[in-house]
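In what follows, a single structure is set out as structure tokens and then discussed.
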2 protein chains.
Amino acid sequence: MSTRKPDPRTADIMLRHWREAVPNDRIAHLIKDSSRGLQRALQTRLAKHNVSFGHWVFLRVLWVRDGITQRELSEEAGLMEPTTFSALTSMEKLGYLERRKLPHSRKNVYVFLTPAGRQLKKKLVPLAEDVNEVAVRGIDPADVATTRRTLLVMIENIARDESEHADPARAARMQRMLDATDNEVAEDTDSKKSTDAFRV
Amino acid sequence: MSTRKPDPRTADIMLRHWREAVPNDRIAHLIKDSSRGLQRALQTRLAKHNVSFGHWVFLRVLWVRDGITQRELSEEAGLMEPTTFSALTSMEKLGYLERRKLPHSRKNVYVFLTPAGRQLKKKLVPLAEDVNEVAVRGIDPADVATTRRTLLVMIENIARDESEHADPARAARMQRMLDATDNEVAEDTDSKKSTDAFRV
DNA sequence: AGCGCTTGATTAGCTCTCTAAGCATTTAGC
DNA sequence: GCTAAATGCTTAGAGAGCTAATCAAGCGCT
């Protein structure tokens, strides 16, 4: 069975099907599938250069700014500290970065790219651009823009919901994640005229 | 640092920033974040009923049709067999389902819901509906529809790319995943008039 | 009947992510 | 100035997903 068989039932039964079979998580489902697809597409490309997807996330941040603490790095990347910790440990082993303590604090650990880590940028960035180009191929840029806007509002909605109902730590995290994303979008808007070729 | 600081640099420098800081995976990033948010929102709700997110995925399929093999179940759920296997093992322990061998085959294992597993549906489906309702709150339904369409094309694009470049097994998997999603959308369209309240 | 390909279930082991809980250091309040 | 709280790093352990490899059963061909 490679495909769900076309359903010969009437519209009425279909309605019941869609009520009962949880139609309402379809968009969540679609988002999840596209996320997995995009991730895998990048992953296979990165793998050829011996970089895992997990490392990519942190390299992206560090290429922009290194010499920051693990905590800051976690927030920029939108991931929890233990995740960051283990990724950094393995990246350090691979020689992409160094963790250093600076004299003014014995607590904080600052993360610096090595030349090797910095050079990955030239090789890796085009891979991400390629994935992106493939993904949006043939789609009206206006639709992509709408999608981006919609997703952003969805993230906001969920963040707000969490902050109302649940665990404040998680909500704060979501909010920070959102702030970072907002900034991306804001900068994107500012640089619109001159960077249309890079907008996706 | 809870937020990336507003960048005081000129538009020209910003342009370089957006070239170099990999602007092109922003939409991927947005998709990933919304996926994580949605998943967590559902997860916290499911947790109150002692159901994990991983179980939800399979329950959804089984509520529609049980008595299928693990292999079929994997394909319907869009997950690999080992993932299915371990999820089923723990769900069986929890008493939500049974794995039975039928007389006509000593190879295949058929999965049946127990009454307990079947009854979860009434409790759990509203949780997913709630998450969804929260997520799309305040968003123009037309934008949501555009987003759905766009994501679907993106999945198609990525699937096609994989089938051209890479590993045929993975591409076939993507294609099946896509077929299933297409059917969902097709059924959705068919039942449009009568189910607008349920469309998301 | 028997040899080999195919298919389904399983095992092993990896990655990425999380929560919870620990320890060490720094900061704040009395 | 010293204890208490907050902050940052780390460890431990779990869940969800994957690939690769193994094993067993069924099927196909001669």
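The values are calculated or read from the model by the stated rules, or taken from the named source; none is laboratory data. In this text, all values refer to a predicted model and were calculated from it rather than measured experimentally. We place every Cβ from the backbone using ideal geometry, glycine too, and count neighbours over all the protein chains shown. The area values use the complete protein model at the heavy-atom level, side chains included, leaving out ligands, DNA and RNA. Shrake-Rupley method; radii C 1.70, N 1.55, O 1.52, S 1.80 Å.
Some observations on this one:
- Solvent-accessible surface (1.4 Å probe) assigned to B:D33 amounts to roughly 10 Å².
- B versus A: buried accessible surface, summed, Å² (probe 1.4 Å, to nearest 100): 9200 Å²
- Overall form of the stretch B:116-158 per C-alpha gyration tensor (a/c, 1.5; a/b vs b/c): oblate
- Between the stretch A:35-74 and the stretch A:145-159, the C-alpha centres lie 23 angstrom from each other.
- Measuring with a 1.4 angstrom probe and ignoring ligands and nucleic acids, A:V144 comes out at about 10 Å² accessible.
- Heavy-atom accessible area ranking, 1.4 Å probe, most first, across A:K121, B:K101: B:K101, A:K121
- Full extension of the chain between A:T114 and A:E133 gives 3.9 nm of extra length, using 0.36 nm per residue less the Cα-Cα distance.
- Spacing of the two label points (7 Å from each Cα toward its C-beta) at A:R71 and B:S163, in nm: 5.1 nm
- Calculated FRET efficiency for the pair A:K101/A:K48, C-beta based, R₀ 30 Å, to 0.05: 0.30
- Distances between copies at A:P126, taken between label points 7 Å from Cα along the C-beta direction, are 5.6 nm in increasing order.
- Residue-count net charge about B:G37 - beta-carbon cut-off 10 Å; Lys, Arg +1, Asp, Glu -1: -1
- Label-point spacing at B:H104 relative to the other copies reads 7.6 nm, in ascending order, each point sitting 7 Å out from Cα along Cα→Cβ.
- In this assembly of identical copies, the label point of A:D143 (Cα plus 7 Å along Cα-to-Cβ) is separated from its counterparts by 1.8 nm, sorted shortest first.
- Distant-in-sequence amide H partners of B:I68 (H built 1.01 Å from N, under 5 Å): B:V111
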